[in-house]
Amino acid sequence: MKILVTGHEGFIGSNILKFLKAQGHEVDGWEWKFNSMPDTRGYNWCIHLGAISSTTYTDVYQILKQNYQFSVDLLQLCKKSNTNFQYASSASVYGTTTHFTEDGYLSPQSPYAWSKYLFDQYVSKTINTCNIIIQGFRYFNVYGPGEEHKGNMASPYTKFMNQAKYDGVISLFENSNNYKRDFVCVEDVCMLHTKMFNSTFSNIYNVGTGTATSFEDVAQTIIKKYNAKIRYITIPAEVKNQYQAYTCANLDKLSSTVDMNWTTITDYINDRNC
């Protein structure tokens with residue numbers, strides 16, 4: 001197949017680009033350019049991953065322009081060119097809720113989360129009248145190789161791993177045993193995208209493992225592997241206000257569409273030469 005990947009230089013995008021090429025697909029990448037749009041003609045699929053991904057970014061105008069309006073315009077182009085459309089949403093749309101079911105109440109807490117929420121809402125209103133397949137993926141906490149450029153926005157896995165290997169000490173927020181996330185490795189995310197090419201259903205799906213693991217457990221698994229230590233720190237005020245205490249993907253909708261053998265983060269740490 002011929003596939004266009006937006007945001008192909010980012011963490012998930014670069015992994016998907018490599019994965020698709022290894023499977024023999026013809027793949028082109030595209031990055032955000034001011035007042036410019038990609039040519040979607042001739043592609044079987046467009047995988048739209050490009051976005052301002054920082055949850056602490058505060059320029060609301062730019063986030064709405066780049067994350068929301070660009071996504072709307074890109075979807076319209078894909079409709080015109082009969083190009084099927086996969087896009088990255090985010091579990092951040094759930095905010096302070098605890099249900100994590102795709103059709104339930106949502107409570108976005110940051111400009112980034114709002115941009116994802118608004119596009120999900122736009123898709124939900126048009127998805128059943130489209131001439132193409134549209135698949136939205138609400139990523140939970142994706143981690144894996146290729147995150148180094150993300151800096152402070154890198155996953156806890158990558159930050160803890162680097163701290164353990166290079167400093168011998170992991171900086172962990174106090175009470176991290178009470179903060180749990182559904183961590184999903186980027187390799188599984190890549191596999192899911194390709195498996196979903198075979199689905200003719202349009203929908204918005206949670207993408208996680210269905211299992212929540214505490215930050216404390218992740219850190220403890222890593223320090224055992226690298227003989228490191230933990231230093232507990234106070235959570236910054238600017239982070240605490242939008243910090244989700246718990247996320248865990250409800251996979252009922254996704255599991256009825258595709259079979260996946262998800263990797264737990266503890267197995268990922270223990271089984272790989274990271």
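Counting only residues that are modelled with pLDDT under 95 and farther than 21 Å from residue 64 by Cα, the range 24-47 holds 0 of them.
Scanning the range 73-86 for any residue that is surrounded by fewer than 17 Cβ atoms within 10 Å (Cβ to Cβ) and either within 21 Å of residue 149 (Cα to Cα) or of a type in the set (Gly, Ala, Ser) (or both) turns up at least one such residue.
Among the residues of the range 144-181, those that are within 28 Å of residue 71 (Cα to Cα) and touching a strand residue (DSSP E or B) at 6+ places or on another chain (Cβ under 6 Å) comprise 144, 155, 181. Being acidic (Asp, Glu) and within 23 Å of residue 45 (Cα to Cα) is the filter; apply it to the range 156-214 and report the residue that is least open to solvent (accessible area, probe 1.4 Å). Of everything passing the filter in the range 156-214, 188 is least open to solvent (accessible area, probe 1.4 Å).
The C-beta contact set for the range 30-47 (first residue closer than 17 Å to residue 80 by Cβ and touching a residue at least 12 places away in the same chain (Cβ under 8 Å), second residue outside any loop (DSSP other than H, G, I, E, B) and among the basic types (Lys, Arg), distance under 9 angstrom, 6+ apart or interchain) comprises 40/80; 41/80; 42/2; 43/2; 44/2; 45/2.
The single condition from (1) in contact with a Gly (Cβ under 9 Å, 6 or more places away or on another chain); (2) assigned to a strand (DSSP E or B) that residue 172 fails is (1). Could you list all residues from the range 17-55 that are over 17 Å from residue 78 (Cβ atoms) and among the hydrophobic types (A, V, I, L, M, F, W, C)? If the condition is that a residue be over 17 Å from residue 78 (Cβ atoms) and among the hydrophobic types (A, V, I, L, M, F, W, C), then 17, 19, 20, 22, 34, 52 are the ones that fit. Within the set 81, 53, the sole residue that is among the small types (Gly, Ala, Ser) and closer than 25 Å to residue 208 by Cα turns out to be 53.
Among the conditions (1) open to solvent by 70 Å² or more (accessible area, probe 1.4 Å); (2) out of contact with any Asp or Glu (no Cβ under 6 Å at 6 or more places or on another chain); (3) not acidic (Asp, Glu), the only one that residue 232 does not satisfy is (2). Screening the range 133-147 for residues that are part of a loop (DSSP other than H, G, I, E, B) and open to solvent by less than 10 Å² (accessible area, probe 1.4 Å) and picking the one that is nearest to residue 193 (Cα to Cα) gives 144.
Among the residues of the range 240-274, none is identified as at pLDDT below 90, open to solvent by less than 40 Å² (accessible area, probe 1.4 Å) and more than 18 Å from residue 101 (Cβ to Cβ). Taking the condition surrounded by fewer than 20 Cβ atoms within 10 Å (Cβ to Cβ) and of a type in the set (Phe, Trp, Tyr), does residue 117 pass? When the stated conditions are applied, residue 117 does not pass them. The number of residues in the range 56-72 being open to solvent by less than 50 Å² (accessible area, probe 1.4 Å) and either polar (S, T, N, Q) or touching a Gly at 6+ places or on another chain (Cβ under 7 Å) (or both) comes to 4.
Each row is one residue, and each column tells you yes or no for (1) open to solvent by 10 Å² or more (accessible area, probe 1.4 Å); (2) at pLDDT 90 or above; (3) β-branched (Val, Ile, Thr).
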site	(1), (2), (3)
106	yes, yes, no
125	yes, yes, no
129	yes, no, yes
149	yes, no, no
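Every condition in (1) in contact with a helix residue (DSSP H, G or I) (Cβ under 8 Å, 6 or more places away or on another chain); (2) assigned to a helix (DSSP H, G or I) is met by residue 121 except one, and the failing one is (1).
The values are calculated or read from the model by the stated rules, or taken from the named source; none is laboratory data. What you see is a predicted model, and the numbers here were worked out from it, not measured in a lab. Neighbour counts run over all protein chains shown; Cβ positions are idealised from the backbone, glycine included. Just so you know, the surface numbers come from the protein's heavy atoms only, side chains and all, with ligands and any DNA or RNA stripped out. Shrake-Rupley method; radii C 1.70, N 1.55, O 1.52, S 1.80 Å.
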